[in-house]
1. If you check every pair at least six apart or on different chains, which have Cβ atoms under 7 Å apart with a residue in region 26-53 that is assigned to a helix (DSSP H, G or I) first and a residue that is among the basic types (Lys, Arg) and modelled with pLDDT of 95 or more second?
2. Has region 79-96 got any residue that is open to solvent by 30 Å² or more (accessible area, probe 1.4 Å) and of a type in the set (Val, Ile, Thr)?
3. Run Phe151 past the list (1) in contact with a helix residue (DSSP H, G or I) (Cβ under 7 Å, 6 or more places away or on another chain); (2) part of a helix (DSSP H, G or I); (3) of a type outside the set (Lys, Arg); (4) more than 22 Å from Ala342 (Cα to Cα) and report the number of the one that doesn't hold.
4. Go through (1) under 20 Å from Asp268 (Cβ atoms); (2) in contact with a Lys or Arg (Cβ under 9 Å, 6 or more places away or on another chain); (3) open to solvent by less than 30 Å² (accessible area, probe 1.4 Å) and name the single condition Val195 misses.
5. Go through Val34, Val105, Val28 for me and flag whichever is farther than 24 Å from Val319 by Cβ and either open to solvent by less than 70 Å² (accessible area, probe 1.4 Å) or of a type in the set (Gly, Ala, Ser) (or both).
6. Within region 188-223, track down each residue that is β-branched (Val, Ile, Thr) and modelled with pLDDT under 95.
7. Would you point out the residue of region 247-265, among those that are under 15 Å from Gln190 (Cα atoms) and in contact with a Ser or Thr (Cβ under 7 Å, 6 or more places away or on another chain), that is most open to solvent (accessible area, probe 1.4 Å)?
Amino acid sequence: MSTLNVAITGCGVIGRTHAVALREFPEVRIVALVDAIPAAAEALADFIEQQGGDRPALYTTQAEAFAAQDIHLVALATPSGLHIQQSLEVLAAGKHVVIEKPLDVDLTRAQEIETAAKEAAGKGIVASVISQHRFDQSSVAVARAIADGRFGRLTSAIASVAWWRSQGYYDSGDWRGTWAMDGGGALMNQGVHTVDLLLWFMGRPVEIHAHTARLAHERIEVEDTAVATVTFENGGLAVLHATTAAYPGLTVRVQLMGSEGSAVVDNDRLQYFHSGDAGGESADMGLQGGGNQAEQELAKYPEEDYKAADPTVYPAGHVRQYRDILAAIAGGRQAGVTVSDAVNALAAVRSVYVSATLGQPVLFEDVLAGKYNDLEVRTGNTAAESA
């Protein structure tokens, strides 16, 4: 199709992000805005017009929009708890869908949309979940090096999200810091992207052993600090860490190590890269001593794709991911990030919470299979407290 008609469901801040990203593509027309709050849709329509676009039609439900417009793709930018119901509506109508992160806060509901997405894929329908950091050039460089075997055997990784959130952040809404609405704390809300990258790099988890705690905040149910060890199918080991109790806020860092090379991505930038196949200085000199091939690796990518940008002004990650999604739709293939990818990241987070609650290691496949679906997870160790 020469023109792709898009509806944006959910017209808040994230809806605007999708609108800005989609307007980068001349083949896309935003023809409909859907929001239960008419004022929100009006505001986004005004914004699109101010940016030089045609004013989309406004609707309060997706059903209304589908009945009135020939829509090919729906971008879902609504609260997480609405994603599953609305995604099912979109797929049932035979339309492509892009779901803003997180897919959902409940693994069982997420698996429901996973099943529907797999069925839709058989009909050529694309379903994808926003995971824009997979499209950062640093992440792409590392992932391609892994695929090409340039790090040898992946032996270990350290993934850390060390952020700060004030007490005021949690007090700003009754839903913040609750299991029911947030689905978790530092790991679910601030760390899920890093979990996704860790799985993308290291592969499928086997066993997770975790601890969670609430150490610097009050009046919240969820954790502000989580740590876990993860074993993977390839035999590699990883340490996962997420906190909102690291004043005044440090960086997001993924350190990947292998038998023939290593890499460090810090705040989305490739800080260090060394692969033995490049024939550079001895890796024995270490991170400080030399052998850093990061600039050499990044030089392989067009400057326009690697430009630094303020995501609040220009959502470069969303633009890069939409480039892949639109190419998938045009080419009749599935997108680079699937619903199953998002389910696996969610299951890894759930595994951390289950392990921390029970005070014992858990198998990733058991969590996926629903063995712990009836377990009410909590912050801290239930077993230790009852001992």
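1. That search, which allows pairs on different chains as well, returns Leu44/Arg16; Ala45/Arg55; Phe47/Arg16; Ile48/Arg55; Glu49/Arg55.
2. No; the residues of region 79-96 include none that is open to solvent by 30 Å² or more (accessible area, probe 1.4 Å) and of a type in the set (Val, Ile, Thr).
3. In the conditions (1) in contact with a helix residue (DSSP H, G or I) (Cβ under 7 Å, 6 or more places away or on another chain); (2) part of a helix (DSSP H, G or I); (3) of a type outside the set (Lys, Arg); (4) more than 22 Å from Ala342 (Cα to Cα), Phe151 misses (2) alone.
4. Evaluating Val195 over (1) under 20 Å from Asp268 (Cβ atoms); (2) in contact with a Lys or Arg (Cβ under 9 Å, 6 or more places away or on another chain); (3) open to solvent by less than 30 Å² (accessible area, probe 1.4 Å) leaves (2) as the failure.
5. Val105
6. Val192
7. So the residue we want is Arg253.
The values are calculated or read from the model by the stated rules, or taken from the named source; none is laboratory data. Remember, it's a predicted structure, so these values are computed and weren't measured experimentally. Note: ideal-geometry Cβ built from the backbone for every residue, glycine included; neighbour counts use all protein chains shown. Accessible surface areas use protein heavy atoms only, side chains included; no ligands, DNA or RNA. Shrake-Rupley method; radii C 1.70, N 1.55, O 1.52, S 1.80 Å.
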